[in-house]
There are 2 protein chains.
Amino acid sequence: MAEELLPSPHPLTPPRSEDDWVTWFRLLRSRRVGPTTFHRLISERGTAADALDALPEVARAAGVDRYAPCPVEVAQEELRLGRLAGAVPVAFGDAAYPALLAELPDAPPVLWCLGDISLLDRRLIALVGARNSSSLGTRMAKNLAEGLTAAGFAVVSGLARGVDTAAHLASLGGGTVAVQAGGVDVIYPAENAVLAQEIGERGLRVSEQPMGMQPQARHFPARNRIISGLAQAVVVVEAAAKSGSLITARSALDQGREVMAVPGHPFDGRAAGCNMLIRDGATLVRGAADVVEALTPVADTEPRPAKIPDAAPAPRRDPPHRPLAEIAALHGQILDRLGPSPVAEDQLIRDLKAPAGEIGAELVTLELEGRIERRPGGLLART
Amino acid sequence: MAEELLPSPHPLTPPRSEDDWVTWFRLLRSRRVGPTTFHRLISERGTAADALDALPEVARAAGVDRYAPCPVEVAQEELRLGRLAGAVPVAFGDAAYPALLAELPDAPPVLWCLGDISLLDRRLIALVGARNSSSLGTRMAKNLAEGLTAAGFAVVSGLARGVDTAAHLASLGGGTVAVQAGGVDVIYPAENAVLAQEIGERGLRVSEQPMGMQPQARHFPARNRIISGLAQAVVVVEAAAKSGSLITARSALDQGREVMAVPGHPFDGRAAGCNMLIRDGATLVRGAADVVEALTPVADTEPRPAKIPDAAPAPRRDPPHRPLAEIAALHGQILDRLGPSPVAEDQLIRDLKAPAGEIGAELVTLELEGRIERRPGGLLART
């Protein structure tokens, strides 16, 4: 049959032998191969080895000449350095690979793990928030981390200053996972060296980046998708109006994760992002109990009184804000219409048939998230 | 036909002559005649005079002997004292009577008004909150009052300490209405004497109570129903977990009013009530713009992008909290099943087929609101 001439999708087999590992790392670290491409190549070609063999040809077809895949020595060196640091690579498809993270279309093909790998099996809640957190924010992060670990959850955060640091410190004993933006052996910020050391001993540090990689701006949104990807829910503890934590919240929503936020007084600018999320439909969180409750399905076994017509329920108006789920849908529509070849922004807006102002705002968000880029002449492309 | 033997409902005609006024006030101030009974009696008997004549007979039928209606002299004295104080009585059915308030089943038959009666025609927003407000709460009340009056709304509040005082002060120039728990000529709390004087001159003071009435505990929930009854929306500016402002919010919801609340940090106990309301579905308010926006119907003229299946919207779980509208429905069900004759609480719970814990909580609320009372032996009755 004609269909047999097309490449059929292959299930991914995680590496078993040392050679497998070298091949995986060569494919993964080759130029222009990100997580999504990695999964697509293996699905199309069958194995990492076949995908690696096909790379120069795939590059040529995309107009890239003189393409050389990642050399064997580089992959071997990454494996050597990782093990030297005491880290273990966990591959997509492996039993130890976290199930929730595996659901992402851009799930990291390999996670370098340093510490207690069993934490990947725990139910994880992400605590994220401002680096310049207030004392209220820091105390709330501590409070939530203690309450959540007491309730049997483990905490995942980003090893940053402020909320992240407080969350990790308070969950060191009960289960803490730090997702790093750079290599798992590169501590950033430097002031968290002692905390990172402790997490490596009592908790778990993970990263998708190669050993020795210094964190760069583009690594942070990528790191944030792993934080929310590992978690059942993302709790924004404190966040200003335009902050990285809001980007994490949006990405969590794109991933179908529960988004929750701690409110604050509107006169406190550090609460603006959280209050905005709550107006847009995020669950208001006052403490760990609210998180646990929101994750517990409502038992519908008890009879509920039927509504009676003469007790007038209040007419509820939908808030005029675009709800988060709609924003996620709009992001999907925008990304679907963009590829590596640039498209004119006004054409995109016409195609989407949505108000230009709304699309414009979401384009900025996607740009900040590093998912699209602007080219000269009002052109947009997917990164 | 047999039906003609039954009293047919009569539309209410407001008093025109001085004699009419005396009759209205006699009926209104007679023992056991509250606002709801007042409306029912006039509907059944045709005029206030006929209702007044029928009172002793109605009382006898209810098992009350030796019933005497309010004497002529008492009604005349109330009218004399009101006018002496510079107040004007506005009767239900009068052109000046506020349209929203008239919708309540227990709308005050007469409002004593002192000041600028035209304010009753304005679009009113209720600002309510803690008497022992924080500086954040006081500033927010001021901020909201200024922003709302600038947007063309007038502010209604209760002349109490804290949030009420700040709201009135900031809306003196733009339109402020104070609803008093006691007589319109009785200033409570005494420290607000100067503010009350200014509101009488530049704004409006109203009360349903007789002149000279000292405010008593039961007057405050009754006053609160007028505050929310006059308003398009009730904004709770600051409220602890078990506070009168929450009772006002519930009563506002029973009246079909929009309920909004200003969030605060969960570590600030004075925000607990507001955060609870927001979790239960109240609109989160950060400033006057949020109030105005929530009251403006969403214009659906702009095309919205259709949802596409591959941009997975987050699965939104309903919060396990009982939404406010459901609580209002439950209140209606409970009140419908109760009358002046006591009913056993466990019988009520069986009849309602709802979990005992949930009904128990709402019974406490209704009791606090003064709408039901407990009798010895586990019996409940409507007040």
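Taken as a whole, the condition of being surrounded by fewer than 19 Cβ atoms within 10 Å (Cβ to Cβ), under 27 Å from B:Ala289 (Cβ atoms) and small (Gly, Ala, Ser) does not apply to B:Gly229. Of the residues making up region A:187-201, those that are buried (at least 16 other Cβ atoms within 10 Å of the Cβ) and touching a residue at least 60 places away in the same chain (Cβ under 8 Å) number 2. Note on region B:317-371: residues that are modelled with pLDDT of 70 or more and hydroxyl-bearing (Ser, Thr, Tyr) total 1. Can you tell me which residues in region A:127-150 are more than 14 Å from A:Leu172 (Cα to Cα) and either in contact with a strand residue (DSSP E or B) (Cβ under 7 Å, 6 or more places away or on another chain) or not charged (D, E, K, R) (or both)? Hits for region A:127-150 are A:Val128, A:Gly129, A:Ala130, A:Asn132, A:Ser133, A:Ser134, A:Ser135, A:Leu136, A:Gly137, A:Thr138, A:Met140. Restricting attention to region B:69-88, and to residues there that are in contact (Cβ under 8 Å) with a residue 24 or more places away in the chain and of a type in the set (A, V, I, L, M), which single residue is farthest from B:Asp185 (Cα to Cα)? Among them, the one singled out is B:Val72. Inside region B:165-186, can you point out the residues that are in contact (Cβ under 8 Å) with a residue 60 or more places away in the chain and aliphatic (A, V, I, L, M)? B:Ala167, B:Val184, listed by residue number. Scanning region A:150-166 for residues that are of a type outside the set (A, V, I, L, M, F, W, C) and closer than 15 Å to A:Glu198 by Cβ returns A:Ser157, A:Asp164, A:Thr165. For region B:195-294, the helices (runs of 4 or more DSSP H) that sit wholly inside it and include 3 or more residues that are farther than 20 Å from B:Pro105 by Cβ and within 11 Å of another protein chain (Cβ to nearest Cβ) are B:272-279.
Is it the case that some residue within region B:26-41 is modelled with pLDDT under 90 and within 19 Å of B:Val88 (Cβ to Cβ)? Scanning region B:26-41 turns up no residue that is modelled with pLDDT under 90 and within 19 Å of B:Val88 (Cβ to Cβ).
The values are calculated or read from the model by the stated rules, or taken from the named source; none is laboratory data. Owing to the predicted nature of the structure, the values given are computational and were not obtained by experimental measurement. All Cβ positions, even for glycine, are placed from backbone atoms using ideal geometry, and neighbour counts span all protein chains on display.
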